[in-house]
Amino acid sequence: MSDGVQWMAGMVTSSGWMFDVHFARGIDAEELAVRMGARRGAAAGPMTDDEIAGLEFDSYDGPDSAVVRVGEHAGWAFAVLYGCYLDRLKEVSRGGVEAVHYHYNSEHPPTTVLYARDGRTVCGYGLCEERIRWGEECDLFLPDLVDAGILHPDGETYQHTGDYDYDERRRRGLAVFEKRLGLSLPRTVLTDPLPVYAVEGSPADDFEEISAWAGANGRPLPDRRLGLVPAGLRRDYERATDPRWWERGTWHRVTAPTLHAEAVLKAPDPDGTEH
């Protein structure tokens, strides 16, 4: 029995602000990671969401670094993203594969859900802003949105206006993907130990140099299979080896607000324009 995806409404990772998942039907979990940018056979872990947070994957070397925890459920492979914003729908869906990208945003622009097939974006929308739809067949799910009590058949006006329960509306928007595609993610995805792959920014240019310093100074070694340097270790390395480290300001650390801003820039305003 599948868990569906309605429960994902409002869900965040241990970072407290982000929940980003790529789904794929027609390939396995490792192939999904590879299509997102990982090296085949380079899985680390397995790790839970809490363990990921403890290793500072959300603050690796810079805004171009990211890792995924991957698994399979109800006929779908899935990859939970940590780090910079990535939209890999085109790459993931090539060769006839079906793919979905769910990107949570707590405010505005809205949380977005996009469906792709065979290398093209078919359709998608922002939760609670379903009158703005994207894709080559942007109205493909319009009948489902009407049946869900969200939109009128014209696709422009909502069936209910005024005050409403935003979480319930998000669940109804997700239910369209759940029912139409059989989309599902296990409710235990954050607590299950899952393989981890680096999909962006690996290997770090100075990985060997910092690894050698860490070993010589009794520090935990960064994971060689991931090829990334946690922000805390990099900061300590720079403090110990660079007398002018303080001039770097934030060193190489990327804070959650920086990553959040990058993710937000990817989603359009209500008028359909992008920043």
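The values are calculated or read from the model by the stated rules, or taken from the named source; none is laboratory data. None of these values were measured; they are calculated from a predicted model. For neighbour counting, all protein chains shown are included, and Cβ atoms are generated from backbone atoms with ideal geometry for every residue, glycine included. Areas reflect the complete protein model, heavy atoms only, side chains present, ligands, DNA and RNA absent. Shrake-Rupley method; radii C 1.70, N 1.55, O 1.52, S 1.80 Å.
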Charged-residue dipole, Cβ positions (Lys, Arg, Asp, Glu), the chain about Cα centre, Debye nearest 20: 560 debye
Compare 177, 141, 23 in a GNM of the chain, Cα atoms joined below 10 Å, and give the one with the largest fluctuation. 141
Roughly how large, in nm² to one decimal, is the mean projection of the convex hull of the alpha-carbon atoms in segment 104-145? 3.1 nm²
Full-stretch length increase - residue 39, residue 225 - with 0.36 nm per residue and alpha-carbon distance subtracted: 66.0 nm
Please report the relative contact order for the chain, taking Cα pairs under 8 Å with a sequence separation of at least 6, and give it as a percent rounded to a whole number. 27 percent
Note to self: with every protein chain in place and a 1.4 Å probe, segment 62-161 gives an accessible area per residue in Å² of 37 Å²
Enumerate the amide H contacts of residue 122 below 5 Å, restricted to partners 5 or more residues apart or on another chain; note that Pro and chain-start residues carry no placed amide H. 115, 116, 117, 136
Using a 1.4 angstrom probe with every protein chain in place, what is the largest-first accessible-area order of 235, 94, 219? 94, 219, 235
Counting only DSSP beta bridges with both residues in the chain, tell me the antiparallel percent, nearest 5. 100 percent
Projected-area average for segment 90-219 over all orientations - Cα convex hull basis, square nanometres: 11.9 nm²
Amide H neighbours of residue 18 at under 5 Å, excluding residues fewer than 5 places away on the same chain, with H built from the backbone geometry, are 13
Run the numbers for residue 7 and residue 168: contour at 0.36 nm per residue of separation, minus the present Cα-Cα distance, in nm. 56.9 nm
Just the number, please: carbon plus sulfur as a percent of the accessible area of the chain, 1.4 Å probe, no ligands or DNA/RNA counted. 49 percent
To the nearest 10 degrees, how steeply does helix 231-241 sit against the main Cα axis of the chain, on a 0 to 90 scale? 30 degrees
Starting from the Cα of residue 240, step 7 Å along the direction of its Cβ; do the same at residue 146; then give the gap between the two resulting points in nm. 6.6 nm
Which angle from 0 to 90°, rounded to the nearest 10, does the C-alpha axis of helix 166-181 make with the longest principal axis of the chain? 80 degrees
Mind checking which of 159, 6, 66 is farthest towards the positive end of the chain's charge dipole, using Cβ charges of +1 (Lys, Arg) and -1 (Asp, Glu) about the Cα centre? 66
Please say if segment 1-139 is rounded, prolate or oblate, where rounded means a/c under 1.5 for a ≥ b ≥ c the square roots of the C-alpha gyration tensor eigenvalues, and otherwise the choice is prolate for a/b larger than b/c and oblate otherwise? oblate
Can you tell me the orientation of helix 207-216 relative to the chain, as the angle in degrees between its alpha-carbon axis and the longest Cα principal axis, to the nearest 10? 50 degrees
Just subtract the alpha-carbon distance of residue 156 and residue 216 from 0.36 nm times their residue separation and send over the number in nm, one decimal. 15.3 nm
Spin-label model distance (nm) - residue 208 vs residue 131, 7 Å beyond Cα toward Cβ: 5.9 nm
